[in-house]
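To keep things clear, I will list the structure first and then write my remarks on it.
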Amino acid sequence: MQIIKTKEELRRVVDTCKSGRKTIGLVPTMGALHEGHASLVRRAVSENNVCVVSVFVNPTQFNNKEDLALYPRDLQRDAELLASLGTHFVFAPSPEEMYTAEEVNRTFAFDFGGLDKVMEGKMRPGHFNGVVQVVSRLFYLVRPDRAYFGEKDFQQLAIIRFMVDRSALAGTFGNLRIVGCPIVREASGLALSSRNERLNEEEKATAVAISRTLKDSLNWAKTQTVKEVKKMVTDTINSVEGLETEYYEIVDKTTLLPTDTFDNAIGCVTVYCGKVRLIDNIQY
């Protein structure tokens, strides 16, 4: 496995792969890798000739500087895991390699078709501008045939698919296919996340109530309305000491707009466990 630090070196590697007609699978990450990331990498390795994993804590998608500073980083540990999974190349650039000073300080403009006005986009203004900025740049650099994302970040996945679909007419990213992969959970049911590293054992035990409540809501949805289920989920989570719901929305999986039916619906939740912000979802 080769660790690449510069865009120029990455271009040379990609050119060689493309000239050899090798398919490339890309897994964009911000490091602090866990089994959820590993599941994406295994799939990328199995479905492509070459697997490229990016490890880059993207500063432009953080609207909270403290959150950026506290985000866990351990490239050596990540590289050891990626090597064991059969990764061919790790792209681990510095912020200065990815962006000019002007780019870091200027909001990346993109028409999200309204997908950024709800849930995470509403709570974290500019977050998805930064996501699209870095992901589109990675797509230009790696020119992958497939790119793999976890369904835990469902709104992010929907926005990336929207970006690629909008670009398809111009052939910007070739015939790139976006592959969504199921949420990976701990045995307790807690959705795996790099942020879980910031939870102590007591907080981890408390946070299990999030996934447990979402699972219970599948049964509630059989007899209750969308409005009633939203209230039941929010009230149940908030009744647990140490948890505070920021939002729970039941939306259409395609448009991300609020819906009053459970057909094609997904419930997306963000909860603070202490100072750690956790997200999860359930498909109805």
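The values are calculated or read from the model by the stated rules, or taken from the named source; none is laboratory data. Everything numeric in this text was worked out from a predicted model, so none of it was measured. Glycine also receives a Cβ, built like all others from the backbone with ideal geometry; neighbour counts cover every protein chain displayed.
Structure data summary
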read-out: Any hit, region 134-155, residues being assigned to a loop (DSSP other than H, G, I, E, B) and aliphatic (A, V, I, L, M); value: no
read-out: Check on Arg166, more than 15 Å from the chain's Cα centre (by Cα), surrounded by fewer than 21 Cβ atoms within 10 Å (Cβ to Cβ), at pLDDT 95 or above and assigned by TED's automatic domain parsing to the domain that holds Asp15; value: no
read-out: Number of the exception - Leu199 against (1) under 20 Å from the mean Cα position of the chain (by Cα); (2) assigned by TED's automatic domain parsing to the domain that holds Val57; value: (2)
read-out: Matching residues, region 78-95, being of a type outside the set (Gly, Ala, Ser) and at pLDDT 95 or above; value: Asp78, Glu80, Leu81, Leu82, Leu85, Thr87, His88, Phe89, Val90, Phe91, Pro93
read-out: Those residues of region 175-194 which are surrounded by 17 or more Cβ atoms within 10 Å (Cβ to Cβ) and more than 21 Å from Arg43 (Cβ to Cβ), in sequence order; value: Leu190
read-out: Candidate set from region 38-61 (those that are farther than 13 Å from Gly86 by Cα and in contact with a strand residue (DSSP E or B) (Cβ under 7 Å, 6 or more places away or on another chain)); member that is surrounded by the fewest Cβ atoms within 10 Å (Cβ to Cβ); value: Val55
read-out: Residues located in region 235-284, provided they are among the β-branched types (Val, Ile, Thr) and surrounded by fewer than 17 Cβ atoms within 10 Å (Cβ to Cβ); value: Thr254, Thr255, Thr261
read-out: Which listed residue, of Glu202, Glu197, is touching a His at 6+ places or on another chain (Cβ under 9 Å), of a type in the set (Asp, Glu) and not in a loop (DSSP other than H, G, I, E, B); value: Glu197
read-out: Subset of region 107-126 that is touching a Ser or Thr at 6+ places or on another chain (Cβ under 9 Å), closer than 27 Å to Lys7 by Cα and of a type outside the set (Phe, Trp, Tyr) - its residue that is modelled with the lowest pLDDT; value: Thr107
read-out: Out of Thr100, Thr87, Thr107, sole residue that is of a type in the set (Ser, Thr, Tyr), in contact with a helix residue (DSSP H, G or I) (Cβ under 7 Å, 6 or more places away or on another chain) and surrounded by fewer than 19 Cβ atoms within 10 Å (Cβ to Cβ); value: Thr107
read-out: Subset of region 158-201 (residues that are of a type in the set (Lys, Arg) and touching a residue at least 60 places away in the same chain (Cβ under 8 Å)); value: Arg195, Arg198
read-out: First in region 1-30 and among the hydroxyl-bearing types (Ser, Thr, Tyr), second anywhere and part of a helix (DSSP H, G or I) and at pLDDT 95 or above, Cβ under 7 Å, 6 or more apart; value: Thr6/Glu97; Thr29/His37
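For every residue, the table says whether it meets (1) free of Cβ contacts under 8 Å to residues at least 12 places away in the same chain; (2) under 18 Å from the mean Cα position of the chain (by Cα).
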| position | (1), (2) |
| --- | --- |
| Thr87 | no, no |
| Pro95 | no, no |
| Arg106 | yes, no |
| Leu115 | no, yes |
| His127 | no, yes |
| Arg143 | no, no |
| Gly150 | no, yes |
| Gln156 | no, yes |
